[in-house]
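The values are calculated or read from the model by the stated rules, or taken from the named source; none is laboratory data. Since the structure is predicted, the reported quantities are computational estimates derived from the model, not experimental observations. Cβ coordinates were reconstructed from backbone atoms using ideal geometry, including for glycine residues, and neighbour counts include every protein chain displayed.
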């Protein structure tokens with residue numbers, strides 16, 4: 001019985017596609033395919049993460065922690081207002097980054113207030129900075145790096161993986 005379905009597929013001319021189709025959210029993340037951003041947007045988003053959360057003192061940065069890949073998946077599952085904020089924000093970032101990183105990130109240097117930033121782009125940068133930070137420190141790579149730093153970090157080496 002097990003050989004009947006594959007043999008029937010070959011007889012009918014059906015072949016397995018080169019790219020597997022994810023059936024669960026976990027499989028989609030494991031495939032590493034951009035879900036929310038286009039390829040060009042994703043490259044800019046990954047660059048932004050690496051700029052905001054660089055590696056420091058044997059701690060992994062956003063790039064090594066694969067924070068952009070996780071956030072790309074998460075944003076694909078987020079509410080419309082969050083997706084709009086990130087789509088418009090990354091478009092502005094791509095335009096401004098052509099003039100240099102300082103120009104693209106100057107809103108992060110504005111004085112802090114309880115109301116938060118007023119411009120949508122500044123809101124995007126603050127949201128992205130927090131998201132990259134949280135995704136980085138909650139990654140398996142961060143956990144592995146921090147568990148080797150001292151004896152007092154005994155519980156840090158624990159990391160839960162999803163079970164399907």
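A quick yes/no check of all residues on (1) over 26 Å from residue 141 (Cβ atoms); (2) buried (at least 16 other Cβ atoms within 10 Å of the Cβ); (3) in contact with a strand residue (DSSP E or B) (Cβ under 9 Å, 6 or more places away or on another chain):
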position	(1), (2), (3)
82	no, no, no
96	yes, yes, no
103	yes, no, no
124	no, yes, no
130	no, no, no
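Looking only at region 32-42, filter to residues that are free of Cβ contacts under 8 Å to residues at least 40 places away in the same chain and surrounded by 15 or more Cβ atoms within 10 Å (Cβ to Cβ); which one of those is nearest to residue 123 (Cα to Cα)?
42
Cβ-Cβ below 6 Å, separation at least six or inter-chain, first residue in region 127-147 and outside any helix (DSSP H, G or I), second modelled with pLDDT of 90 or more and surrounded by 17 or more Cβ atoms within 10 Å (Cβ to Cβ): which pairs?
Pairs found: 139/65.
Residue 28 - would you say it is assigned to a helix (DSSP H, G or I), modelled with pLDDT under 80 and within 30 Å of residue 147 (Cβ to Cβ)?
Yes.
Could you please let me know if residue 54 is surrounded by 11 or more Cβ atoms within 10 Å (Cβ to Cβ) and either assigned to a helix (DSSP H, G or I) or at pLDDT 80 or above (or both)?
Yes, satisfied.
Looking at region 107-119 only, could you name the residues that are assigned to a helix (DSSP H, G or I) and either surrounded by 13 or more Cβ atoms within 10 Å (Cβ to Cβ) or under 15 Å from the mean Cα position of the chain (by Cα) (or both)?
107, 108
Across region 92-102, which residue is modelled with the lowest pLDDT among those that are more than 12 Å from residue 125 (Cα to Cα) and part of a helix (DSSP H, G or I)?
This residue is 101.
I'm trying to understand the selection: among the residues of region 103-127, which are under 14 Å from residue 49 (Cβ atoms), in contact with a helix residue (DSSP H, G or I) (Cβ under 6 Å, 6 or more places away or on another chain) and modelled with pLDDT of 90 or more?
124, 125
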